[in-house]
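Visitor: Can you read through this structure? Questions will come right after.
The values are calculated or read from the model by the stated rules, or taken from the named source; none is laboratory data. Please read all numbers here as calculations on a predicted model, not as lab measurements. Positions of Cβ are generated from backbone atoms using ideal geometry, with glycine treated the same way; all protein chains shown enter the neighbour counts. Ligands, DNA and RNA are excluded from the accessible area calculation, which covers all protein heavy atoms including side chains. Shrake-Rupley method; radii C 1.70, N 1.55, O 1.52, S 1.80 Å.
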Amino acid sequence: MKRTTEKNLMVFSGRANTELAKAVAEGLGTQLVPMQAYDFANSETYVRYDESVRGCDAFVIQSHTAPVNQWIMEQLIMVDALKRASAKRITVVAPFYGYARQDKKSRGREPISARLVADMFKTACANRLMAVDLHTDQIQGFFDGPVDHLQALPVITDYVAKKYGDENLAVVSPDAGRIKVAEAWSKRLNGAPLAFIHKTRDVTRPNQSVANRVVGSVEGRTCLLVDDMIDSGGTICHAADALMNAGAVSVVIASTHAIFSDPAVERLANSVAREVIVTDTLPITDEKKFDKLTVLSIAPLLSQAIREVFEDGSVTSMFDEME
């Protein structure tokens with residue numbers, strides 16, 4: 001007996017960022033698979049899918065927003081349920097990958113938690129991992145399987161070029177370690193000059209750094225201050241102040257992941273920044289929105305990447321022009 005098996009794409013969403021998942025499914029011309037998900041009185045998570053997933057190509061979307069541990073665990077349980085229900089291939093889609101900042105040991109007796117998270121997904125029998133703007137590229141090597149590292153750069157730079165393209169721009173990295181990312185920005189913005197903030201950080205005090213000085217010429221320019229995430233907002237706001245003190249005309253902050261832990265919203269709203277541009281890789285509630293905040297949708301990028309994976313196409317080709 002011979003039979004040609006048809007591929008069946010199914011998209012699943014945890015409860016952390018359902019609006020983004022719905023937009024991704026809509027971009028694929030499908031709907032989220034209905035499921036039951038709730039917490040027991042002792043906070044244990046239960047998941048069950050309402051229809052058969054046998055033989056499907058499953059994409060499980062979950063943003064690791066606060067409380068991070070709960071949503072990572074829910075995604076792990078969703079993967080396990082798919083495995084036990086005979087899904088053919090399981091792709092974990094984590095627009096924001098939790099614990100990404102714990103990607104190395106800065107001091108003795110520390111964990112490498114980003115690797116642990118990757119190991120847990122592999123143990124749960126995920127076949128593939130997809131994420132947007134990992135904190136460091138090396139995290140791709142933590143997962144023992146294919147990793148699709150998507151970049152929000154085209155989404156954000158297209159917006160920036162349209163709004164600020166006729167101004168005298170400079171691309172600024174908040175630290176020396178992200179100069180490579182700033183170079184990619186510069187390439188997409190007609191070779192805008194680069195600068196970076198020299199800063200110091202005490203590894204024993206998280207979310208705190210000191211912006212010492214600006215390296216590069218920013219005087220008389222609109223500075224695009226680019227980073228992968230904004231957590232408490234202290235680092236990026238101090239960097240914006242340093243740029244204005246160095247003679248910048250204005251500062252535009254752009255970041256992929258809007259974590260916005262307290263007191264980030266207050267700091268950003270009262271900062272010298274002209275505009276704060278982020279994507280919706282993480283849910284942004286009404287309480288976290290303020291007048292100069294612009295939220296761009298990452299859903300079209302995720303939909304395109306999922307389609308390429310499902311159709312055995314090339315995810316890399318989506319970003320070829322950036323190389």
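Visitor: In the chain, what percent of the accessible surface is made up of carbon and sulfur (1.4 Å probe, ligands and nucleic acids excluded)?
Guide: Working: 7390 of 15640 Å².
Result for the chain: 47 percent of the exposed heavy-atom area is carbon or sulfur.
Visitor: Under 20 Å Cα-Cα from residue 180, which lysines qualify once same-chain neighbours fewer than 8 residues away are excluded?
Guide: Within reach: 104, 199.
Visitor: Please identify the longest segment of the chain free of exposed chymotrypsin sites (Phe, Trp or Tyr not before Pro), where exposed means a DSSP state other than H, G, I, E or B and no more than 15 other Cβ atoms within 10 Å.
Guide: On the way: sites that count: 40, 290.
For chymotrypsin sites (Phe, Trp or Tyr not before Pro) (loop position, at most 15 other Cβ atoms within 10 Å), the longest site-free span of the chain is 41-289.
Visitor: When you take every Cα atom in the range 1-144, what is the radius of gyration, and what is Dmax, the widest Cα pair distance, in Å?
Guide: 15.9, 60
Visitor: Please list, or write none, the aspartates and glutamates whose alpha carbon is within less than 15 Å of the alpha carbon of residue 105, excluding same-chain residues fewer than 8 places away.
Guide: Output for residue 105: 202.
Visitor: Work out the P(r) tail for the range 46-128: percent of alpha carbon pairs separated by more than 16 Å, whole number. If you can, show how the numbers build up before the last one.
Guide: Working: 1793 of 3403 pairs.
When all Cα pairs of the range 46-128 are counted, 53 percent exceed 16 Å.
Visitor: Relative contact order for the chain: what percent, with Cα pairs under 8 Å and sequence separation of 6 or more? Write out the running numbers ahead of the final one.
Guide: Details: 651 pairs, mean separation 43.1, N = 323.
Here the relative contact order equals 13 percent.
Visitor: May I pose another question? Rounded to the nearest 5, what % of the DSSP beta bridges within the range 89-235 are antiparallel ones?
Guide: Numbers: 6 of 21 bridges.
So the antiparallel bridges in the range 89-235 amount to around 30 percent.
Visitor: Express as a percent, rounded to the nearest 5, the fraction of DSSP beta bridges in the range 11-134 (both residues included) that run antiparallel.
Guide: On the way: 5 of 18 bridges.
Once the DSSP bridges in the range 11-134 are tallied, antiparallel ones form about 30 percent.
Visitor: How large is the accessible surface of residue 298 in square angstrom, using a 1.4 angstrom probe and rounding to the nearest 10?
Guide: 0
Visitor: Right, next: Can you list the GluC sites (Glu not before Pro) in the range 27-75 that are in a DSSP coil and have 12 or fewer other beta carbons within 10 angstrom? Before the final figure, lay out the partial values.
Guide: On the way: sites: 44, 51, 74; in loops: 44, 51.
Answer in residue order: 44, 51.
Visitor: Direction-averaged shadow area of the convex hull around the Cα atoms of the chain, nm²? Don't skip to the end; give the middle numbers.
Guide: On the way: hull surface 73.2 nm².
Computing the convex hull of the Cα atoms and averaging its projections yields 18.3 nm².
Visitor: Follow-up. Using the heavy atoms of the protein chains and a 1.4 angstrom probe, tell me the accessible area per residue for the chain in square angstrom.
Guide: Numbers: 15640 Å² over 323 residues.
Each residue of the chain exposes 48 Å² on average to a 1.4 Å probe.
Visitor: For the range 21-59, which trypsin sites (Lys or Arg not before Pro) are in a loop by DSSP, counting at most 13 other Cβ atoms within 10 Å?
Guide: Working: sites: 22, 48, 54; in loops: 54.
Within the range 21-59, the qualifying trypsin sites (Lys or Arg not before Pro) (loop, at most 13 other Cβ atoms within 10 Å) are 54.
Visitor: In addition: Provide the percentage of antiparallel DSSP beta bridges, counting only those with both residues in the chain; round to the nearest 5. Present the calculation step by step, with values, prior to reporting the outcome.
Guide: Values: 11 of 52 bridges.
DSSP beta bridges in the chain are roughly 20 percent antiparallel.
Visitor: Another one. Just how far, in whole angstrom, is the range 1-61 from the range 217-278 if you go by their alpha carbon centroids?
Guide: 37
Visitor: Any chance you could list P(r) for the range 1-62, counting all Cα-Cα pairs in 10 angstrom bins from zero, rounded to whole %?
Guide: Computed distribution, short to long bins: 19, 45, 24, 9, 2.
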